[in-house]
Amino acid sequence: MQVLRLILSPLAALVIGILFLGLSRKFMARIQWRYGPPLYQPLIDILRLFTQRSVSHGVVFDLGIILTLAASFVIVLFLPFGGLCPMSGSGGLLVVLYMMLLAPLGMALTAGESANPNSSIGISRWFILALGYEVPLLLVLLAVMTRYDTISLVEIVAAQRSHTSSIATFPLVLSGVAYLLIMPAVMGLRPFEVVQAPQEISSGPMAELGGRYLAMATVQHALSMFIGISLFVNLLWGGASNPLVFLLKMLVMFALVLWVNAAFPRLRIDQAIRFLWRWPTFVAFVGLLLVVVIGD
Amino acid sequence: MRELDLYFGPQHLGMVGNFSITLTVEGDRIMRAAANPGYLHRGFEKLMELRSWIKDFPLVCRMNVVEPDSMEMIYAMGVEKLAGIEVPERAEFIRSIYLEMARVGSHLFGLWAYANMLGFDTVAQWAMYHRDLLLDRFEELTGGRVYHIYIWPGGVRRDFPEGFEERLVETLHAIGGCVPDYDAAFFNNPIFRERAKGVGTVTREDALAMGGTGQVMRATGMAYDIRKVDPYAAYDRVPWEVPTREDGDAYSRIQIVRDEMIESVHMIFNLLDAMPQGPVYERTPNPLKWRIPKGDAYVRCESSRGELGVYILSNGGESPHRVHFRTPSYPHGLTVLEKALVGESISDVGNIMISMYVVAPEIDR
Amino acid sequence: MDRNQLIKWIEAPAKMAHKYSLHAVYFCTGCGIIEIPPAITARWDAERFGVLPAATPRHANLFLITGYVSLKTLRAIIRTYEQMPEPKYSVGFGSCPINGGMYWDSYNTIKHLDRYIPIDGWIAGCMPRPEAIFVAVTHLWTLIEKDMADGYKRYRVHYSEYRANQERILGALEWPPLFPKE
Amino acid sequence: MSDSLRDRLEVVFKDISSEVDVDGRLTVHANPASVLSVLGFLKDDGYDYLVLVSCIDWIDEGALEVVYVLSRYLDPADTDGGRVPMLLKTRVPRESPVLASSIEIFPVAEPHEREIHELFGIRFYGHPRLTPLFLEREYEVPPFRKDFDTRQYVEEVFGNVPPVGEGTQAL
């Protein structure tokens, strides 16, 4: 049973992540007065990329991208997906937080090996951005952990199920708002789409990736979207008892993020970091403070 | 921190046109910038010396693909000046309307490029859609979507077709009706303001010294517009204003583009109201054997990017002896841009370049 | 998706994926680029057919050479083409890459693009309308399906000839040959 | 306006000739040696805007003529004269053409002079970077000179590039 869950959970994340990619293209197209591609278009793209000749720049280049992808898959194992959580027993939030930094790290190896200036700029932007959203994210996670007195995601979800969603309770509503503010940054969408920024640094870290390497990067992007939303739904919106409800909640959040994505241009990296360290951090900090004070 | 050479373009998603800039960067700051044109050099002016006066018209409009109409206009003005042709009154009005349509279309293209550069696909797509509505009107009037070859020496090729005025007004209303949407989504967007304010500032002194015209000049508060300074076509027959801003940054330049589009649409309405009846072209000699008297002339007009001029010299032959175009992007893309980029962030290269509306083919010619 | 399509997908998924996921290099080589934005935006929306602009040649498999090719651009085109991962398809857009078009006597534009890099198809006209792009794309689909879009294979086979032609015009190229002689 | 400027010019510079055409456009012919000082004088006089530097090949007379088109930056509110751009022309011999660079006076002349150097072969001394601007290949005769026959050149260069893979079997 555990083995089945270990396989099923990443697979579900993969499918939903790719569905999100397709949905985002369709959704954006409709906002832009277009018909848009079919929903399964990302699948075709990924298939195409996997069957193309790919140029490798060395062993480290290969390892880096695999590390990135693997880290994302590992995170997925720790996230409850509507009652389905293969790694419910251990680590929990702390592992998630730690692994989230591995994705840019792996990409840094790849980008460093490819020796493209755009890639190095993109990677440095990614680290700066990660630094920007990790601070408020940590504060949000701390608030939630303090409130429920546990680091286990499953227990947090269970606690919310017995009472009410965190975002509906007083001090945690601030953490929820803070998380909403950093969500596009976690998912790499506008206005924080500074890492790829095709018009500025031609896809940044992806610039030298071709063929299956790009396919893996695309899958990783899909997973990071899944992780960003799934964290919110689990931590602050009560999770769900069955996968269907969970998916529904994720879709609602995804539509919200896409709407922001469609309505704003991209920030410059220094502006992004200034924003992230100002409002979300402040709100998250106040939230944490209140949780600590009221919790006593 | 070590300095790094970065090649921006020619194959680059943020680069509109085939153009390249070599940046010397230190971290995210640009220390030096060297424009590297020539990717689109076709030697137009040489080719024109080999073709007859009338055969140069298809060539001349290819010089700038974004707004070929002002190119036709300036060359026709040069030929008319040398040959001493008077243009009928109605043709002057039609030319003005046509050029203003082209200006709106060109600005919408610029808006597409600019919004796209900032990663703002939504507005970019809208702008391109609206430009396409306008291209339909061009197609109806001239038969071509992009290259029209509508202005000839002595007037225009043909009169407005039946009912064209109404359809043009309808199209312009459709575009103008979306101005509040554009304002809400783009021009008043706080993040856009954050991105564009104080970026790529060109002071009045720099603009004067470097040959800035068009938005670059008007963004520094100087109402320099050839349509007012040296009126041509029918621009002195209707009232209109030159929009200006004071700050000289990318934000002011884009605001001027917005204001100019609105002003142009209003101008078209005024021109349509005041348009007289009459012939639309003056008969010219057999164009295949046309010899133009000796002489030289410098004529200029206001394109959507700034002052467009041509120095044209005839030695009495069947083709020009020398034609030299003074295109607005030439100083903007080579001197002003190199200066404005210094000290800015890499993220803003395309931002600054497109806010000056640098169109590569007219630099290279 | 009708049944025929489904059978094709099962028989040759890779080929079908290449067919329906044409990502074009965004390279404004000439004035033809003016019709690309309309084709990929709201009015015509090429994304319906899976055609998207890609940021770098490594991501792309379709190369639209939009308009006349000056010598300086030719160098960039060859580089871009060689960077694209195989299989890759190239389409000449407009009259000028075919035979020089109206720049037949210009000293700085090349006349026959297919003598420098292999071309899988041409779109004639100055300017071709956006509809022409779609006709070309559907035609390219047919070619891919019948294995006739084989430009990249021809490049491999005749590489020494292509390289000789490139060097004849541009002088010695500063990058090493893509397919060194075995 | 132009007339008085013409008078003043002829008082200061002895070796120039000038004419005014029907539109009131002033054309000044100067020696290559005095071009810079005339440009400086005109700039001080209000012609603060160098629109264009052009070049004409007079092959029959064995001369290259450099034309400076000068104008004024005016607000539309100014209605007094001087709206018509003026021309300053100077001739240098076709063989070994040299001219002083005017960048010191008008920074905007930098790309124009680079272009003329490249396309006509005039060397501007005092110019900081006379590197190629547009061209990729080297040309024996600068391509914009009248004795450069572009059609013959095209025939020789591009006509000799053979088609690839002709006669071989389709793959």
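The values are calculated or read from the model by the stated rules, or taken from the named source; none is laboratory data. Predicted, not measured: the structure shown is a model, and the values here were computed from it. All Cβ positions, glycine included, derive from the backbone under ideal geometry; neighbour counts span all protein chains shown.
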Inset, instruction - Kindly provide the set of residues from the stretch C:104-150 that are under 25 Å from residue B:39 (Cα atoms), away from chain B (no Cβ under 14 Å) and not aliphatic (A, V, I, L, M), ordered by number. - result: C:112, C:114, C:115, C:116, C:118, C:120, C:121, C:122
Inset, instruction - Consider only pairs whose beta carbons are under 7 Å apart and that are at least six residues apart or on different chains; among these, list those whose first residue lies in the stretch B:50-77 and is over 16 Å from residue B:329 (Cβ atoms) and whose second residue is surrounded by fewer than 24 Cβ atoms within 10 Å (Cβ to Cβ) and small (Gly, Ala, Ser). - result: B:50/B:319; B:51/B:319; B:52/B:319; B:53/B:319
Legend entry - Single match in A:124, A:162 (criterion: within 21 Å of the chain's Cα centre (by Cα) and small (Gly, Ala, Ser)): A:124
Legend entry - Filtered residues of the stretch C:101-123 (kept if in contact (Cβ under 8 Å) with a residue 24 or more places away in the chain, of a type outside the set (Ser, Thr, Tyr) and closer than 23 Å to residue C:78 by Cβ): C:101, C:108, C:110, C:113, C:115, C:117, C:118, C:119, C:120, C:121, C:122, C:123
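Does residue B:224 qualify as being surrounded by fewer than 22 Cβ atoms within 10 Å (Cβ to Cβ) and assigned to a loop (DSSP other than H, G, I, E, B)?
On the way: surrounded by fewer than 22 Cβ atoms within 10 Å (Cβ to Cβ): no; assigned to a loop (DSSP other than H, G, I, E, B): yes.
Considered against the rule, which asks whether it is surrounded by fewer than 22 Cβ atoms within 10 Å (Cβ to Cβ) and assigned to a loop (DSSP other than H, G, I, E, B), residue B:224 comes out as no.
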Legend entry - Subset of the stretch B:278-324 (residues that are closer than 13 Å to residue B:52 by Cβ, within 12 Å of chain D (Cβ to nearest Cβ) and touching a Pro at 6+ places or on another chain (Cβ under 9 Å)): B:314
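For the stretch A:8-40: of the residues being polar (S, T, N, Q) and more than 8 Å from every other protein chain (Cβ to nearest Cβ), which is nearest to residue A:229 (Cα to Cα)?
Taking the stretch A:8-40 and keeping what is polar (S, T, N, Q), we get A:9, A:24, A:32.
Now narrow it down to the ones that are more than 8 Å from every other protein chain (Cβ to nearest Cβ): A:9, A:24.
Working: A:9: 15, A:24: 14 Å.
Among residues in the stretch A:8-40 that are polar (S, T, N, Q) and more than 8 Å from every other protein chain (Cβ to nearest Cβ), the one nearest to residue A:229 (Cα to Cα) is A:24.
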Legend entry - Given (1) in a loop (DSSP other than H, G, I, E, B); (2) β-branched (Val, Ile, Thr); (3) surrounded by fewer than 19 Cβ atoms within 10 Å (Cβ to Cβ), number of the condition residue B:262 does not satisfy: (1)
Legend entry - Flag if residue B:307 is part of a strand (DSSP E or B), touching a residue at least 24 places away in the same chain (Cβ under 8 Å) and on the phi < 0 side of the Ramachandran plot: yes
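Regarding residue A:257, is this residue in contact with a Leu (Cβ under 8 Å, 6 or more places away or on another chain), closer than 22 Å to residue A:126 by Cα and of a type in the set (Val, Ile, Thr)? Let's see the steps before the verdict.
Working: in contact with a Leu (Cβ under 8 Å, 6 or more places away or on another chain): yes; closer than 22 Å to residue A:126 by Cα: yes; of a type in the set (Val, Ile, Thr): yes.
Spelling it out, residue A:257 is indeed in contact with a Leu (Cβ under 8 Å, 6 or more places away or on another chain), closer than 22 Å to residue A:126 by Cα and of a type in the set (Val, Ile, Thr).
Can you tell which of B:81, B:46 is over 12 Å from the mean Cα position of the chain (by Cα), within 13 Å of another protein chain (Cβ to nearest Cβ) and in contact (Cβ under 8 Å) with a residue 24 or more places away in the chain? Explain how you work it out, then say what you get.
Details: B:46 fails: in contact (Cβ under 8 Å) with a residue 24 or more places away in the chain.
Step by step, each of B:81, B:46 is checked, and only B:81 is over 12 Å from the mean Cα position of the chain (by Cα), within 13 Å of another protein chain (Cβ to nearest Cβ) and in contact (Cβ under 8 Å) with a residue 24 or more places away in the chain.
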Inset, instruction - Could you name every one of the helices (runs of 4 or more DSSP H) located completely within the stretch A:1-107 that has at least 3 residues being over 28 Å from residue C:24 (Cβ atoms)? - result: A:2-31, A:59-78, A:93-100
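Consider residue D:51 carefully, then state whether it is free of Cβ contacts under 8 Å to residues at least 40 places away in the same chain and crowded, with 18+ Cβ neighbours inside 10 Å.
Numbers: free of Cβ contacts under 8 Å to residues at least 40 places away in the same chain: yes; crowded, with 18+ Cβ neighbours inside 10 Å: yes.
Against the criterion (free of Cβ contacts under 8 Å to residues at least 40 places away in the same chain and crowded, with 18+ Cβ neighbours inside 10 Å), residue D:51 qualifies.
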Inset, instruction - Quickly run through the stretch B:312-348 and pick out the residues that are closer than 15 Å to residue B:295 by Cβ and of a type in the set (Val, Ile, Thr). - result: B:312, B:323
Inset, instruction - Please note which helices (runs of 4 or more DSSP H) are completely contained in the stretch C:1-89 and include at least 2 residues that are more than 11 Å from chain B (Cβ to nearest Cβ). - result: C:3-11, C:13-20, C:71-83
Inset, instruction - Please give the number of the condition residue D:14 fails out of (1) modelled with pLDDT under 85; (2) surrounded by 18 or more Cβ atoms within 10 Å (Cβ to Cβ). - result: (2)
Legend entry - Residue under evaluation residue C:22, criteria (1) surrounded by fewer than 23 Cβ atoms within 10 Å (Cβ to Cβ); (2) farther than 30 Å from residue B:44 by Cβ; (3) under 22 Å from the mean Cα position of the chain (by Cα), criterion not met: (1)
